[in-house]
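Input: a single structure, listed below in structure tokens.
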Amino acid sequence: MFQKEPLSSVRRTGWRDFVAGGACPSKATIPGKTVIVTGANTGIGKQTALELAKRGGNIILACRDLEKCEAAAKDIRGETLNHRVSARHLDLASLTSVREFAAKINEEEEHLHVLINNAAVMRCPHWTTEDGFEMQLGVNYLGHFLLTNLLLDKLKASAPSRIINLSSLAHVAGHIDFDDLNWEKRKYDTKAAYCQSKLALVLFSMELSRRLQGTGVTVNALHPGVARTELGRHTGMHSSAFSSFTLGPIFWLLVKSPQLAAQPSTYLAVAEELESVSGKYFDGLREKAPAPKAEDEEVAQRLWAESARLVGLELSSGASGRGQPLPK
């Protein structure tokens, strides 16, 4: 299924990029297809938007900082000569903002073919969102959970369509603590909170895929690889001279450029051979089994129910117990 990167390409990108992963093997274009990329003003999100704009898509950059978002959209339009690249405000730390964004998309866009839930925060201090959620859980997972649900009807009407959730290899170390999802009872652990949010995204992807069977909408989770982006600004790697000195050579070999880290998202968004692939976890360009805890259906269903309660969705009745979530 997956093509190997040609040697000529390896020479062009260099040995380091080859070790970190290859270019998207699909040459498919997406003229007329509408794509939303969250957190697209910088890093992997911006590069993903750029790659998809090159392929002719109608690209919507959804970002918290609208000024930076508009600047990114302008850059992409200039580089690709694709004028169907626009910027919209979306603050995933605000459920009100998520609802307002989704309402505008549902009202103004005729179709939605690809939703890439890319935005994230990583190992930030113990901050809370506008609605009182622990920041990493709120932005990385709950905001995207609500956004995706509010856009499901549009995605179904536009089928075949795709949902891509950017998780992380860190989900392997994650644990869903239903007694304290928001870290109100325990001493806050920035790493554990991040891992929990990324595990939640994989569980969400698997459960949503089960709910969407037969609709023509696919959903997959993805570890894009470790990239050199602003995401790691709270980890200390940027400020620690010791870390930079001791780990620098290793990171130089293994950490991807944002351009290379955007290739897996691009691949999942456009590859014709993946049109019916759903409920899977990808490590870079390759399908891989996630951590066993990410495939626990009971945990996934419980997390869905709790997430729906937290963000203000309710489940309609259904024989399977997996009815379509509806806004309150």
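Go through region 169-218 residue by residue and tally those that are aromatic (Phe, Trp, Tyr) and out of contact with any helix residue (DSSP H, G or I) (no Cβ under 9 Å at 6 or more places or on another chain). Give the steps one after another, and end with the answer.
Looking only at region 169-218, we keep the residues that are aromatic (Phe, Trp, Tyr), and these are 178, 183, 188, 194, 204.
Within this subset, residues satisfying the condition of being out of contact with any helix residue (DSSP H, G or I) (no Cβ under 9 Å at 6 or more places or on another chain) are 188.
Matching residues across region 169-218 total 1.
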Next item on the list: Test Lys74 against the stated conditions and say whether it is part of a helix (DSSP H, G or I), on the phi < 0 side of the Ramachandran plot and surrounded by fewer than 18 Cβ atoms within 10 Å (Cβ to Cβ).
Entry: yes
Notebook entry, point to check: Within region 287-296, is there a residue that is surrounded by 17 or more Cβ atoms within 10 Å (Cβ to Cβ) and in a loop (DSSP other than H, G, I, E, B)?
Noted result: yes
Next item on the list: Return the total of residues in region 268-283 being among the charged types (D, E, K, R) and either farther than 21 Å from Pro31 by Cα or in a strand (DSSP E or B) (or both).
Entry: 2
Notebook entry, point to check: Hey, any hits in region 169-179 for a residue that's at pLDDT 95 or above, crowded, with 21+ Cβ neighbours inside 10 Å and aromatic (Phe, Trp, Tyr)?
Noted result: no
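Can you pull out the residues in region 180-206 that are more than 20 Å from Asn117 (Cβ to Cβ) and either buried (at least 24 other Cβ atoms within 10 Å of the Cβ) or not aromatic (Phe, Trp, Tyr) (or both)? First the steps, then the outcome.
Of the residues in region 180-206, the ones more than 20 Å from Asn117 (Cβ to Cβ) are 180, 182-192.
Selection gives Asp180, Asn182, Glu184, Lys185, Arg186, Lys187, Asp189, Thr190, Lys191, Ala192.
Going through region 210-235 one residue at a time, which ones are of a type outside the set (Ser, Thr, Tyr), at pLDDT 50 or above and more than 28 Å from Ala23 (Cα to Cα)? Walk me through it before giving the result.
Within region 210-235, the subset of a type outside the set (Ser, Thr, Tyr) is 210-214, 216-217, 219-228, 230-234.
Still in the list and also at pLDDT 50 or above: 210-214, 216-217, 219-228.
Hits for region 210-235 are Arg210, Arg211, Leu212, Gln213, Gly214.
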Margin query: Here's a check for you: in region 20-43, which residue that is touching a Gly at 6+ places or on another chain (Cβ under 8 Å) and hydroxyl-bearing (Ser, Thr, Tyr) is surrounded by the fewest Cβ atoms within 10 Å (Cβ to Cβ)?
Written below: Thr29
Next item on the list: Go through (1) out of contact with any Pro (no Cβ under 8 Å at 6 or more places or on another chain); (2) within 30 Å of Asp180 (Cβ to Cβ) one by one and return the number of the condition Arg99 breaks.
Entry: (1)
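Per-residue answers, yes or no, for (1) of a type in the set (Lys, Arg); (2) under 19 Å from Leu147 (Cβ atoms):
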{"position": "Gly45", "(1), (2)": "no, yes"}
{"position": "Thr48", "(1), (2)": "no, yes"}
{"position": "Asp65", "(1), (2)": "no, yes"}
{"position": "Arg77", "(1), (2)": "yes, no"}
{"position": "Thr80", "(1), (2)": "no, no"}
{"position": "Arg88", "(1), (2)": "yes, yes"}
{"position": "Ser94", "(1), (2)": "no, yes"}
{"position": "Ser97", "(1), (2)": "no, yes"}
Note to self: Conditions first: (1) without any contact (Cβ under 8 Å) to a residue 40 or more places away in the chain; (2) within 21 Å of Ala305 (Cβ to Cβ); (3) of a type outside the set (Val, Ile, Thr). His144 passes all but one, so which condition is the exception?
What the structure shows: (1)
Next item on the list: Could you pull out every one of the strands (runs of 3 or more DSSP E) wholly within region 85-186 that has 1 or more residues that are over 14 Å from the mean Cα position of the chain (by Cα)?
Entry: 85-89, 161-166
Margin query: Taking the condition of being more than 17 Å from Asn117 (Cβ to Cβ) and either at pLDDT 95 or above or surrounded by fewer than 17 Cβ atoms within 10 Å (Cβ to Cβ) (or both), how many residues in region 252-269 meet it?
Written below: 4
Margin query: Anything in region 44-71 that is buried (at least 22 other Cβ atoms within 10 Å of the Cβ), over 20 Å from Ser161 (Cα atoms) and not basic (Lys, Arg)? List them, or say none.
Written below: Ile44, Gln47, Cys63, Cys69
Next item on the list: Report, by residue number, each residue of region 298-307 that is touching a residue at least 60 places away in the same chain (Cβ under 8 Å) and closer than 24 Å to Leu151 by Cβ.
Entry: Ala300, Gln301, Arg302, Leu303, Trp304, Glu306, Ser307
Item checked: Pairs with Cβ under 7 Å, 6+ apart, first in region 171-193 and on the phi > 0 side of the Ramachandran plot, second charged (D, E, K, R) -> Trp183/Glu134
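The values are calculated or read from the model by the stated rules, or taken from the named source; none is laboratory data. Note that the structure is a prediction, hence the values are computed from the model and not measured. Here Cβ is always computed from backbone atoms with ideal geometry, including for glycine, and neighbour counts include all displayed protein chains.
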